[in-house]
Amino acid sequence: NLILAIESSCDETSVAVVEDGTIVHSNIVASQIKSHMRFGGVVPEIASRHHVEQITQCIEEALTEAVVGYEDLSAVAVTQGPGLVGALLIGVNAAKAVAYAHHLPLIAVNHMAGHIYANRLIKPLIFPLLALVVSGGHTELVYMKEDGDYTIIGETRDDAAGEAYDKIGRVLGLPYPGGKKIDEMAHLGEDTYHFPRAMLKEDNYDFSFSGLKSSFINTVHNANQKGEPLNNINLAASFQASVIEVLVSKTLRAAKEYDVKQLLLAGGVAANKGLRDALTKSMAEELPNVELAIPPLSLCGDNAAMIGAAAYVHYQQDQFTDYALNAKPGLTFN
Ligand code: ATP
Ligand code: MG
Ligand code: FE
């Protein structure tokens, strides 16, 4: 089984060829970050235009690199949502065109399911499992009883973790997206500012990062007003310590209560070294019998290989879609 997968939900145009939902034959990722950087965030109109310019070439490159022709494919998969509607539509229409021209079945994939299934590209999933999905637009704990079955047991009430990173990155004058740079700075500093740990003790699996963001901004503004010095390295380390403590603590609590066999880390923020290390350490100490899966850095951010991995579940369950397929910018699991 060979699936051609297309991802265009945000600012990466990506096309992959994935075999049996597990083997990546190619995973072409054309990032637009440079074009959005000077605006301090993703500009939807610019994103759509880049996708249009890139998509055909990405499809050809993915096939060439995989040494595969259209006649070898079993299906075409595409991200249906969530994401920017104009960006999603480019992928959806490209997928329809390929499916129609080459008589291939079409599979619609949830982008967040893709992030979770990035883990399937490194190891088999063991159910029931819990996935901590941390990305630019989402922060949620997803319980899975079996393949393709998603229950959100907790989520952010305001900002996503990646969004919080990018917002405080802007306060520190870092280029967009600031997440990676803050992670690097954090490793050089210490938690001297002691920002709040929101909802840490509350009896639920929800998160909140807007209070942390406000606290961070107030600290910076107050110091600037008083002309007091700020230590940006320690600011980054303190921010990161707060985010990681809440994420890891609540995730472990949920993993215990739901008695899962495996824990998956997923989404762009899964690239965070502090989070990867803290989760690995805590899991080894507190839940040594629960297997931990963390995707390699190349599969944390948006990419089409993860869409191909998630699509294979639909293929096995005979879940195909017709040419009426439309983008769903607000697509959710429930
Ligand atoms: P979503 O998947 O929710 O639709 P998205 O696709 O825009 O949103 P991703 O591409 O999955 O988000 O992740 C991008 C986010 O990951 C950005 O906010 C970025 O700052 C963050 N990020 C990337 N690397 C790191 C890192 N090392 N530490 C913290 N955050 C990071
Ligand atoms: Mg992106
Ligand atoms: Fe994403």
- Item | Options ALA77, ALA16: the member that is within 16 Å of ligand 2 (Cβ to nearest atom), aliphatic (A, V, I, L, M) and not in a helix (DSSP H, G or I) | ALA16
- Item | Single match in ALA97, ALA5 (criterion: away from ligand 3 (no atom under 16 Å from the Cβ) and either free of Cβ contacts under 8 Å to residues at least 12 places away in the same chain or crowded, with 20+ Cβ neighbours inside 10 Å (or both)) | ALA97
- Do you know which residues across segment 80-94 are within 14 Å of the chain's Cα centre (by Cα) and either free of Cβ contacts under 8 Å to residues at least 40 places away in the same chain or in a strand (DSSP E or B) (or both)? GLY81
- Message: For segment 275-286, check the following and say yes or no: at least one residue is surrounded by fewer than 18 Cβ atoms within 10 Å (Cβ to Cβ), within 16 Å of ligand 1 (Cβ to nearest atom) and touching a residue at least 24 places away in the same chain (Cβ under 8 Å).
- Response: no
- Task: Search segment 288-315 for residues being without any contact (Cβ under 8 Å) to a residue 40 or more places away in the chain and surrounded by fewer than 16 Cβ atoms within 10 Å (Cβ to Cβ), and hand back the single one that is farthest from ligand 1 (Cβ to nearest atom).
- Result: ASN289
- Note on the structure: Among HIS111, HIS50, HIS25, the single one that is surrounded by 17 or more Cβ atoms within 10 Å (Cβ to Cβ), at pLDDT 95 or above and within 12 Å of ligand 1 (Cβ to nearest atom) is HIS111
- If the Cβ limit is 9 Å and pairs must be 6+ apart or interchain, which residue in segment 127-144 that is farther than 19 Å from LEU84 by Cβ and among the aromatic types (Phe, Trp, Tyr) pairs with which residue that is more than 9 Å from ligand 1 (Cβ to nearest atom) and assigned to a strand (DSSP E or B)? PHE127/MET144; PHE127/GLN262; TYR143/LEU129; TYR143/LEU130; TYR143/ALA131; TYR143/THR151; TYR143/ILE152; TYR143/ILE153
- Message: I'm checking my understanding of the structure. Among residues of segment 177-196 that are within 21 Å of the chain's Cα centre (by Cα) and surrounded by fewer than 19 Cβ atoms within 10 Å (Cβ to Cβ), which one is nearest to ALA237 (Cα to Cα)?
- Response: GLU184
- So which of LEU325, LEU299, LEU331, LEU292 is out of contact with any strand residue (DSSP E or B) (no Cβ under 6 Å at 6 or more places or on another chain) and of a type outside the set (D, E, K, R)? LEU299
- Query: Does segment 29-58 hold any residues that are within 14 Å of GLU7 (Cα to Cα), polar (S, T, N, Q) and within 13 Å of ligand 2 (Cβ to nearest atom), and which are they?
  - Reply: SER31, GLN32
- In segment 23-66, which residue that is of a type in the set (Gly, Ala, Ser) and within 16 Å of SER9 (Cβ to Cβ) is nearest to the chain's Cα centre (by Cα)? SER31
- Message: Every residue in segment 43-79 that is β-branched (Val, Ile, Thr) and free of Cβ contacts under 8 Å to residues at least 60 places away in the same chain, please.
- Response: VAL43, ILE46, VAL52, ILE55, THR56, ILE59, THR64, VAL67
- Just to be sure, is GLY136 in a loop (DSSP other than H, G, I, E, B), within 16 Å of ligand 2 (Cβ to nearest atom) and within 14 Å of the chain's Cα centre (by Cα)? yes
- Going through segment 154-183 in order, the residues found to be free of Cβ contacts under 8 Å to residues at least 60 places away in the same chain, outside any loop (DSSP other than H, G, I, E, B), over 19 Å from LYS34 (Cβ atoms) and more than 16 Å from ligand 3 (Cβ to nearest atom) are LYS167, VAL171, ILE182
- Scanning for something of a type outside the set (A, V, I, L, M, F, W, C), outside any loop (DSSP other than H, G, I, E, B) and without any contact (Cβ under 8 Å) to a residue 12 or more places away in the chain, does segment 254-263 turn up at least one residue? yes
- Item | Enumeration of residues in segment 201-253 that are touching a residue at least 60 places away in the same chain (Cβ under 8 Å) and in a helix (DSSP H, G or I) | ASN232, LEU235, ALA236, PHE239, VAL243, LEU247, LYS250, THR251
- Restricted to segment 144-203 and to residues being of a type in the set (Gly, Ala, Ser) and more than 14 Å from ligand 1 (Cβ to nearest atom), the residue nearest to ARG253 (Cα to Cα) is GLY154
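The values are calculated or read from the model by the stated rules, or taken from the named source; none is laboratory data. It should be emphasised that the depicted structure is a prediction, and the values quoted were computed from it without experimental measurement. Quick reminder, even Gly has a Cβ in these numbers, built from the backbone with ideal geometry, and neighbours come from all protein chains shown.
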